[in-house]
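> Got a structure for you, written out below as structure tokens; questions coming shortly.
All of the numbers you see were taken from the coordinates with simple rules; none came from a lab. As the structure is a computational prediction, the values presented were derived from the model and not from experiment. Glycine also receives a Cβ, built like all others from the backbone with ideal geometry; neighbour counts cover every protein chain displayed.
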Amino acid sequence: MDQPIGVIDSGVGGLTVARELMRQLPREQLIYLGDTARCPYGSRPKDEVVQYTLEMVDFLIEKKIKLLVIACNTATAYTIDLLKEKLSIPVIGVIQPGARAAIKVTKSNNIAVIGTEATINSKAYPTALNYISSDLTIYDQACPLFAPLVESGQFTHGETEEIVHKSLQPLQNYKKIDTLILGCTHYPLIADKIQKVMGENVQIISSGEETAREVSAILAYQQLFYKKDRIPVHEFYTTGSPILFGQIANQWMDYPVNHVEHVVIEQIKSDK
């Protein structure tokens, strides 16, 4: 089916999911929208996150997408059920795939989750993990400084290691942890620093790979795959600075992001 896959995120973090979608689904076109002007979502009230997410979805629906990926853990926690009910296309979040990936690799059944304040407070990950297996000990820790650090583009600077170390210090007390879920799609961009703090015996789980597998399975089941040979041209939109978005995207993506378009979401909504 010659329609794109839509990907939304509060900012640049969802590029970690988009990158994996491109790798696993090389014929599929992506349209990515990052709400960098209003990022981070993790410290915002639930009603604001819901409103902002619905506004982004409206923008992508106008692009005739065939499937929606909510590449933001906070937005997934607050809107996945609403969007599945509201939309006629498949909707996939990042929490369930991340939970499944963690359970596959843990040997001690001691799993830690880090994320934004909203994601941690929602208890979405413990709920998802316990739905699959009740024989788990789950530790969660909010890391509110991580997403703004990534969005600023300063995550390669030396102070990042100090911020990561201080934020993860509470988890150091739990020696049985062998698996850590990155419960925010921004966090894979600093995964090397997180791994250094947690130690090489802890498996770091990013939901991108498992989310892409789920997208692939749904496309196959619903016969939505694009079946012809092509090299798709992906589209990138941001509500913030296209220059900063492009700089971060080109540090992270295997695909050259040569053009990023600025959009004003509120204007799109008011024009309807």
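> Using a cut-off of 13 Å between beta-carbons, work out the net charge of the residues near residue 252 (Lys and Arg +1, Asp and Glu -1, residue 252 not included). Spell out each step's value before the answer.
Working: positive: 19, 23; negative: 9, 20, 151, 192, 254.
Spelling it out: positives minus negatives among the neighbours equals -3.
> How much length would be gained if the chain were fully extended between residue 251 and residue 159, taking 0.36 nm per residue of separation minus their Cα-Cα distance, in nm to one decimal? Can you show the working numbers first?
Numbers: separation 92, 0.36 × 92 = 33.12 nm, distance 1.88 nm.
Working it through step by step, the gained length comes to 31.2 nm.
> How large is the charge dipole for the range 1-81, taken about the Cα centre, if only the Cβ atoms of Lys, Arg (+1) and Asp, Glu (-1) carry charge, to the nearest 20 debye? Spell out each step's value before the answer.
Values: 9 positive and 11 negative charges, 53 e Å.
Result for the range 1-81 is approximately 260 debye, rounded to the nearest 20.
> What whole number of Å gives the distance from the Cα centroid of the range 219-234 to the Cα centroid of the range 3-42?
17
> When the convex hull of the Cα atoms of the chain is projected onto a plane and the area is averaged over all directions, what value comes out in nm²?
Details: hull surface 55.0 nm².
Mean projected area for the chain: 13.7 nm², to one decimal.
> Now for a separate question. Let a ≥ b ≥ c be the square roots of the eigenvalues of the Cα gyration tensor of the range 64-207; is it rounded (a/c under 1.5), or, if not, prolate (a/b larger than b/c) or oblate? Display every interim value, and only then the final one.
On the way: a/c = 2.14, a/b = 1.29, b/c = 1.66.
Oblate, since a/c reaches 1.5 and b/c is not below a/b.
> Positive end of the charge dipole of the range 130-238 (Lys, Arg +1 and Asp, Glu -1 on Cβ, about the Cα centre): tell me which of 182, 132, 149 has its Cα farthest that way.
132
> Would you mind classifying the range 163-218 by shape? Square roots of the alpha carbon gyration tensor eigenvalues, ordered a ≥ b ≥ c; an a/c under 1.5 is rounded, otherwise it is prolate if a/b is larger than b/c and oblate if not. Walk me through the numbers on the way to the answer.
Details: a/c = 2.86, a/b = 1.95, b/c = 1.46.
Here the range 163-218 falls in the prolate category.
> Could you work out [θ]222 nm for the chain from helices alone, using -39500 (n - 2.57) per DSSP H run of at least four and dividing by all its residues? Round to the nearest 500 deg cm²/dmol.
About -13000 deg cm²/dmol.
> Something else about it: Just how large is the dipole of the range 171-212 about the Cα centre, in debye to the nearest 20, putting +1 at every Lys and Arg Cβ and -1 at every Asp and Glu Cβ?
Details: 4 positive and 5 negative charges, 51 e Å.
About 240 debye.
> Then there is this: Can you list the HN-Hα couplings for the range 60-69, worked out from phi with the Karplus curve (6.51, -1.76, 1.60; θ = phi - 60°), rounded to whole Hz and with x for Gly and Pro?
With coefficients 6.51, -1.76 and 1.60, one gets 6, 4, 5, 8, 6, 5, 9, 7, 10, 10 Hz.
> Do any of 123/227; 123/196; 66/176; 86/227; 64/166; 63/228 go past 32 Å between their Cα atoms, and which?
Long pairs (Cα-Cα over 32 Å): 123/227; 66/176; 64/166.
> Taking 0.36 nm per residue of sequence separation and subtracting the Cα-Cα distance, how much length would be gained by fully extending the chain between residue 174 and residue 227, in nm to one decimal?
Working: separation 53, 0.36 × 53 = 19.08 nm, distance 4.81 nm.
Gain on extension, residue 174 to residue 227, equals 14.3 nm.
> Taking only the alpha carbons of the range 16-65, what extent do you get along each of the three principal axes, in Å, biggest first?
Cα extents, longest axis first: 37, 24, 16 Å.
> Work out the length of the dipole vector of the chain about its Cα centre, built from +1 on the beta-carbon of each Lys and Arg and -1 on the beta-carbon of each Asp and Glu, and round it to the nearest 20 debye.
Details: 26 positive and 31 negative charges, 129 e Å.
For the chain, the charge dipole is close to 620 debye.
> On full extension of the chain, what length is gained from residue 259 through residue 86, given 0.36 nm per residue of separation minus the C-alpha to C-alpha distance?
On the way: separation 173, 0.36 × 173 = 62.28 nm, distance 3.13 nm.
The span from residue 259 to residue 86 would gain 59.1 nm if fully extended.
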